[in-house]
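These notes are about the structure you will find just below.
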Amino acid sequence: MNETDVTTPDTPQQESRVRNRRGEGGRLREDIIDAAAALLDETGDERAITLRSVARKVGIAAPSIYRHFPDQPAIMLAVVQREFAALATHLRTVVQSAGDDPRERLYALGRAYLRYAQDHPGRYRTMFGGLWMPSLGDSSLTEQDLTTLGEAALQVLTDALADCVTAGQSTVDDPELDAVTLWVAMHGLAHQYTVIRIFPWPAENVADALITRVAKLT
């Protein structure tokens with residue numbers, strides 16, 4: 001990504017950060033990720049996240065970032081990885097709190113997923129690609145870095161769908177494949193909710209209807 005700093009000349013300068021004590025380099029790494037996520041929330045624009053803008057947000061010199069991240073895409077990857085982990089934890093908690101009925105747990109998971117996308121539009125959009133994701137070979141990122149994103153969250157969905165199959169509440173014959181299909185469908189609905197301001201949505205809960213059909217609930 002172009003390293004142009006999109007902040008304006010009159011952007012307030014961050015006070016210098018207190019130097020970490022020996023052994024506290026991990027704290028600086030987390031501060032860098034926090035700063036990048038905060039910039040994304042504040043601006044809604046991935047282009048606002050550059051090495052210089054992140055360094056300014058943290059209160060350090062830009063070269064200090066290289067001790068922890070080789071380039072800007074590596075910072076973005078860390079933000080996205082942490083966000084996917086938080087999503088997986090959230091979905092797992094929702095499923096565990098939804099009661100003993102596998103079908104109701106799957107519905108609760110779907111609603112929570114869509115609510116997450118609506119509550120965190122900037123982060124959600126970034127999690128699924130965007131300007132930050134470079135072509136392989138153009139940054140420090142590897143194919144494994146990108147192909148493993150969201151695995152834990154997808155596993156929560158796969159397990160919830162498999163529980164429905166075991167309980168005789170779903171007729172899908174390949175929970176792993178059908179969980180991916182369901183995820184893609186929910187992602188499409190989340191996108192529509194974000195970009196379409198006015199639409200004659202039916203009175204029926206669209207998310208539940210989508211889950212019922214794609215998951216082949218009985």
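The values are calculated or read from the model by the stated rules, or taken from the named source; none is laboratory data. Please read all numbers here as calculations on a predicted model, not as lab measurements. Cβ: placed from backbone, ideal geometry, glycine included. Neighbour counts: every protein chain shown.
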Any residue at all in region 144-159 that is within 14 Å of L106 (Cβ to Cβ), in contact with a Cys (Cβ under 9 Å, 6 or more places away or on another chain) and free of Cβ contacts under 8 Å to residues at least 24 places away in the same chain? no
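Restricting attention to region 117-137, which residues are over 16 Å from A38 (Cα atoms) and free of Cβ contacts under 8 Å to residues at least 60 places away in the same chain? First the steps, then the outcome.
Step one: list which residues in region 117-137 are over 16 Å from A38 (Cα atoms), which gives 117-118, 128-131, 133-137.
Answer for region 117-137, where residues must be over 16 Å from A38 (Cα atoms) and free of Cβ contacts under 8 Å to residues at least 60 places away in the same chain: F128, G129, S135, L136, G137.
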Of the conditions (1) surrounded by 15 or more Cβ atoms within 10 Å (Cβ to Cβ); (2) of a type outside the set (A, V, I, L, M, F, W, C); (3) within 30 Å of Q72 (Cβ to Cβ), K216 fails just one. Which one is it? (3)
Checked region 131-184 for anything among the charged types (D, E, K, R) and more than 17 Å from the chain's Cα centre (by Cα); matches are D138, E143, D159, D163, D173, D174, E176, D178
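Out of everything in region 40-59 that is touching a Gly at 6+ places or on another chain (Cβ under 7 Å) and buried (at least 16 other Cβ atoms within 10 Å of the Cβ), what residue ends up being nearest to V79 (Cα to Cα)?
Restricting attention to region 40-59, the residues satisfying the condition of being touching a Gly at 6+ places or on another chain (Cβ under 7 Å) are 40-41, 44, 46.
In the following step, the residues that additionally are buried (at least 16 other Cβ atoms within 10 Å of the Cβ) were identified as 40, 46.
Values: L40: 10, E46: 11 Å.
That would be L40.
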In region 141-168, which residues are more than 26 Å from L77 (Cα to Cα) and outside any helix (DSSP H, G or I)? A167, G168
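So which helices (runs of 4 or more DSSP H) are wholly in region 25-130 and hold at least 3 residues that are out of contact with any His (no Cβ under 9 Å at 6 or more places or on another chain), hydroxyl-bearing (S, T, Y) and closer than 30 Å to D159 by Cβ?
On the way: elements: 25-43, 51-58, 72-97, 102-119, 121-127.
Filter on region 25-130 gives 72-97.
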Flag for V54 being outside the structural domain of T142 (by TED's automatic domain parsing), more than 25 Å from G150 (Cβ to Cβ) and at pLDDT 95 or above: no
Given the conditions (1) without any contact (Cβ under 8 Å) to a residue 60 or more places away in the chain; (2) more than 27 Å from A48 (Cβ to Cβ); (3) surrounded by fewer than 13 Cβ atoms within 10 Å (Cβ to Cβ), report the number of the one that T166 does not fulfil. (1)
